[in-house]
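The values are calculated or read from the model by the stated rules, or taken from the named source; none is laboratory data. It should be emphasised that the depicted structure is a prediction, and the values quoted were computed from it without experimental measurement. Quick reminder, even Gly has a Cβ in these numbers, built from the backbone with ideal geometry, and neighbours come from all protein chains shown.
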Amino acid sequence: MEDLDTLRNDLLARVRDAADLDSLEAARVGALGRKGAITALMKSMGELSVEARKERGAALNRIKDEVAEAIAERQTALSEQALRTRLERERIDVSLPPRPEPAGRIHPITQTIDELTAIFADMGFSVAEGPDIEDDFNNFTALNMPEDHPARQMQDTFYMPPSGGANAGRVLRTHTSPVQVRTMLKGKPPIRIIAPGRTYRSDYDMTHTPMFHQVEGLVIDTNTHMGHLKGCLVEFCRAYFGIDDLPLRFRPSFFPFTEPSAEVDIGCDRSGGELKLGNHGDWLEILGCGMVHPQVLENCGLDSTQYQGFAFGMGIERIAMLKYGIPDLRTFFEADLRWLRHYGFVPLATPSLAAGLTA
Ligand code: PHE
């Protein structure tokens, strides 16, 4: 039986040493295949006596089972290893940025609108829109600026050609406030909307362009008061500028469509020729607001004894310039690619309160 022990050890060693599935298969064929070592020994037992054959047959079967079991074990181990190597080799890093990186940039105006929309959406506002070409009623009359009201003069209005036709009495909207009128005429309170969009005034210098953007806000309900106005704007400004203790100052002012009216300043520091926002003792005006004038509510079909609310209007370029340190308003609309590459934002990095306003 010594020869059998040697054979057994040899076969088991070959199985153990098989480095891959191919050499394992070769070892299997060499032991158990039709021309394998064990098979050959089984076949050669014919010459033995019955007794000897029984004994040797049993011994060969044991070795056969042992070898078969070793092969199965080794096969599992090698298969697992092969799978692991393959997974390692074919690994895909799904966190890689898309390549090549998109060459386009998001314009700061679009970015700012996305940011402020995210903040106001979180406070329960929805977005309303109106046309750039407005009629006289929505832009002026309904907002408590009758035909000969001096406030109309402040607005540097672009009038559409006066000689009859479909555009008679139309203007390029001088502010987003006509969207207030459209919203109130269309639906009953509670109303809680913002309306970002283009506005137009005939003016051009460092801080004025004939087309610019505003965002309007309007909240109407039965018990809305100036405390709500204040809380809403304080929360917005702090979230937008990312300064938790940014102070706001509400200064009495005048707009024909709000009463009382206020202008809002935020805290800043101008010393050293540089502008820094925060609690530093100096002030910078950023928006106009007030409680919607009862006459405006009535003009828009709402009962001013039942409803009240607040409105605000803010220049989008202005708050973009302040947040992103853009010095000249006119550059926003020059379509200069170098400017856009510098001040623009990477696409797909959509602002959200959860993920951060700016990537
Ligand atoms: N429409 C005003 C403007 O363009 C801003 C404003 C809006 C003021 C709403 C008060 C309320 O200057």
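Here are a few things to note about the model shown:
- Options R152, R201: the member that is within 13 Å of the ligand (Cβ to nearest atom) and farther than 29 Å from I119 by Cα: R152
- In region 337-359, the residues that are farther than 12 Å from I106 by Cα form Cβ pairs under 9 Å with partners that are part of a helix (DSSP H, G or I) and β-branched (V, I, T), at six or more places apart or across chains, as follows: L353/I119; L357/I119.
- Conditions (1) closer than 25 Å to N144 by Cβ; (2) charged (D, E, K, R); (3) surrounded by 14 or more Cβ atoms within 10 Å (Cβ to Cβ); number of the one not met by E235: (1)
- Residue count for region 326-359, restricted to those that are of a type in the set (A, V, I, L, M), on the phi < 0 side of the Ramachandran plot and either modelled with pLDDT of 85 or more or assigned by TED's automatic domain parsing to the domain that holds D114 (or both): 5
- Residues being within 16 Å of the ligand (Cβ to nearest atom) and of a type in the set (S, T, N, Q) - total across region 284-336: 3
- Given (1) among the hydroxyl-bearing types (S, T, Y); (2) within 14 Å of the ligand (Cβ to nearest atom); (3) at pLDDT 95 or above, number of the condition T157 does not satisfy: (3)
- F158 passes every criterion in (1) touching a Ser or Thr at 6+ places or on another chain (Cβ under 7 Å); (2) surrounded by 19 or more Cβ atoms within 10 Å (Cβ to Cβ) apart from (2).
- The lone exception for Q153 - which of (1) over 16 Å from G313 (Cα atoms); (2) polar (S, T, N, Q); (3) touching a residue at least 40 places away in the same chain (Cβ under 8 Å) it fails: (3)
- When residues of region 119-131 are limited to those that are in a loop (DSSP other than H, G, I, E, B) and of a type in the set (A, V, I, L, M), the one farthest from C237 (Cα to Cα): A128
- The lone exception for G187 - which of (1) under 14 Å from L287 (Cα atoms); (2) modelled with pLDDT under 95 it fails: (1)
Conditions tested, residue by residue: (1) closer than 20 Å to L21 by Cα; (2) out of contact with any helix residue (DSSP H, G or I) (no Cβ under 9 Å at 6 or more places or on another chain); (3) without any contact (Cβ under 8 Å) to a residue 60 or more places away in the chain; (4) of a type in the set (S, T, Y).
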position	(1), (2), (3), (4)
L48	no, no, yes, no
A59	no, no, yes, no
E66	yes, no, yes, no
A82	yes, no, no, no
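- Under the condition of being free of Cβ contacts under 8 Å to residues at least 40 places away in the same chain and within 16 Å of the ligand (Cβ to nearest atom), the residues counted in region 167-198 number 2.
- Total residues in region 193-231, condition touching a Ser or Thr at 6+ places or on another chain (Cβ under 7 Å) and of a type in the set (F, W, Y): 2
- Of everything listed in (1) assigned to a helix (DSSP H, G or I); (2) within 23 Å of I193 (Cβ to Cβ), the single unmet condition for E134 is (1).
- Total residues in region 29-38 satisfying the condition of being buried (at least 16 other Cβ atoms within 10 Å of the Cβ) and free of Cβ contacts under 8 Å to residues at least 12 places away in the same chain: the figure is 1.
- Some residue of region 222-244 being within 13 Å of the ligand (Cβ to nearest atom) and under 25 Å from the mean Cα position of the chain (by Cα): yes
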